[in-house]
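This report refers to the structure that appears directly beneath it.
Rule-based calculations on the coordinates, nothing more; no lab input. A quick note: this is a predicted structure, and the numbers were derived from the prediction, not measured. FYI the Cβ positions are ideal-geometry reconstructions off the backbone, even for glycines, and counts take in every protein chain you see.
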Amino acid sequence: MKYNHILVALELSEDSHVVIDRAVFLAKQLGAQLSFVHIDGTHGEIYPELIDLQRSTDDGPLNNEAMEQLRGFMSYADHPLKQFLVGTGDLSDKLQATIVENDVDLLVCGHHHDFWSRIVSYSKHLIDKSPVDILVVPI
């Protein structure tokens, strides 16, 4: 299958490098566009809209430390990014709309194999609501 636009869901963790590496490899192999997204759900939906970190001159919806870590992911990726969307709210709800609005045809996310991830899995919520194929990368 040919994928044209890959969206990578990132968390604020160095583990995101594993997911970025896999997505960059696929994008290069397929000649696909690559975009990143990070949705912070810890404080609810403070900002209803997503901002593009590459084009925004604002400080963004997250604290400075989080924004710096996200900018680090941008420079880590060995592939040009179409967008790096950042926002707050429910990850699965925001991603569903973002996927449709941006013509994404593959979602890449990570999944931890630990005790807490068995109880609260964000991957399962994405799988239940995603309108496109998903690659779940084990971390």
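Mind listing the long-range amide H neighbours of HIS111? Cut-off is under 5 Å, sequence gap 5 or more, other chains count too, H placed in the peptide plane at 1.01 Å from N.
Under 5 Å from the amide H of HIS111: VAL137, ILE139.
What are the residues whose amide H is under 5 Å from the amide H of GLN54, where those residues sit 5 or more places off or on another chain and H is modelled from the backbone?
PHE84
How large is ³J(HN,Hα) for each residue in segment 60-71, as worked out from phi by the Karplus curve 6.51 cos²θ - 1.76 cosθ + 1.60 (θ = phi - 60°), to whole Hz, x for Gly and Pro?
x, x, 10, 5, 4, 4, 5, 5, 5, 5, 5, 4
Quick one: length gained pulling ASP103 to VAL18 fully straight, 0.36 nm per residue minus the C-alpha distance?
My answer for the length gained is 28.2 nm.
Highest first, please rank the peptides 71-83, 97-109 by the mean number of other Cβ atoms sitting within 10 Å of their residues.
Ranking, from highest mean packing down: 97-109, 71-83.
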